[in-house]
Amino acid sequence: MVKLDDTRTRIISAAIRAVRQHGLEGVRIQNVSSLAGVSSGALYRYFESKEKLLEECFTYVDRQAAAIFDQLAFDSHAIVADPVGAVRSLWLPYFRFWVAHPDETVFYHRIRDSALFPEYDRTRDISYFGSFVCVVQAFRQVFPGIRQINQDLLWLHVLTTTVLYAKYVAEGVLRADQETEETVFQLLATGLSGYLRPETGCQKAAQPCLARCE
């Protein structure tokens, strides 16, 4: 969990809620300060502009999502014995995080689709995704097909599928139940299944990376 001082956290949480209520273009500093219970002047002492506030909100949410992978116990043998099951064990807590945080899900989706995001994305620090990167490297070692996929495209497939469907749950378009989870996962896994064919000796190859993740 990312820890900030109480006022800063309150402002960030308020901004995330305000974006869901008013939209990214429609939200105003006054909306955020009202929800946070602080004056606009006090808010500007923490954030110099609305854009900087939104960027920090995105990083705050992104760190929470990344922390999911830090907490997972991953069975290194399952990656070969049941690769789809291994993917599911990683994906399901991630999907459930987004479903359990509807304000954050809608905010995150809107920011990623905004004109603000590309420039911010080029310069931001994503080192907090170390655990996730470690597991992806293990899959790359075991499954040569994964190495053939453009890694940006692979991540966008996982992220876009997961957050988009979680947003539909948050907005009441889809039910928040096991059937939805299973259907979304099957849609996601179908796109990956053809690449999950291990090469000879893959279990040994996976061990060094997975050992660092456990």
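The values are calculated or read from the model by the stated rules, or taken from the named source; none is laboratory data. Here the structure is a predicted model, which means the values were calculated and not measured. Positions of Cβ are backbone-derived with ideal geometry, glycine not excepted, and every protein chain shown enters the neighbour counts. SASA here: full protein model, heavy atoms, side chains in, ligands and nucleic acids out. Shrake-Rupley method; radii C 1.70, N 1.55, O 1.52, S 1.80 Å.
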Kindly establish whether Ser33 is among the polar types (S, T, N, Q), farther than 19 Å from Ile111 by Cβ and modelled with pLDDT of 95 or more.
yes
Condition test on Arg20, is it in a helix (DSSP H, G or I), touching a residue at least 24 places away in the same chain (Cβ under 8 Å) and within 25 Å of Trp91 (Cα to Cα)?
yes
Does at least one position in segment 51-61 carry a residue that is under 30 Å from Ser193 (Cα atoms) and either touching a residue at least 24 places away in the same chain (Cβ under 8 Å) or touching a Leu at 6+ places or on another chain (Cβ under 6 Å) (or both)?
yes
When segment 1-43 is checked residue by residue, the ones that are β-branched (Val, Ile, Thr) and open to solvent by 10 Å² or more (accessible area, probe 1.4 Å) are Val2, Thr7, Thr9, Ile29, Val38
What number goes with the only condition from (1) in a helix (DSSP H, G or I); (2) open to solvent by less than 70 Å² (accessible area, probe 1.4 Å) that Ser114 does not pass?
(1)
Unmet requirement for Glu199, which otherwise passes all of (1) part of a helix (DSSP H, G or I); (2) surrounded by fewer than 14 Cβ atoms within 10 Å (Cβ to Cβ); (3) at pLDDT below 90
(1)
Sort out which residues of segment 155-196 are in a loop (DSSP other than H, G, I, E, B), open to solvent by less than 70 Å² (accessible area, probe 1.4 Å) and either in contact with a Lys or Arg (Cβ under 8 Å, 6 or more places away or on another chain) or aliphatic (A, V, I, L, M) (or both), and write them in order of number.
Leu174, Leu196
Of the residues in segment 44-63 that are of a type outside the set (S, T, N, Q) and either open to solvent by less than 30 Å² (accessible area, probe 1.4 Å) or assigned to a loop (DSSP other than H, G, I, E, B) (or both), the one that is nearest to Ser127 (Cα to Cα) is Asp62
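Would a scan of segment 133-146 turn up a residue that is in contact (Cβ under 8 Å) with a residue 24 or more places away in the chain, among the β-branched types (Val, Ile, Thr), surrounded by fewer than 17 Cβ atoms within 10 Å (Cβ to Cβ) and under 18 Å from Tyr195 (Cα atoms)?
no
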For residues that are open to solvent by 30 Å² or more (accessible area, probe 1.4 Å), outside any helix (DSSP H, G or I) and not polar (S, T, N, Q), tally how many sit in segment 64-111.
6
Inside segment 142-192, can you point out the residues that are over 16 Å from the mean Cα position of the chain (by Cα) and among the aliphatic types (A, V, I, L, M)?
Val142, Ile146, Ile149, Val173, Leu174, Ala176, Leu187, Ala189, Leu192
Can you tell me which of (1) modelled with pLDDT of 85 or more; (2) in a helix (DSSP H, G or I) is the one Ala206 doesn't meet?
(1)
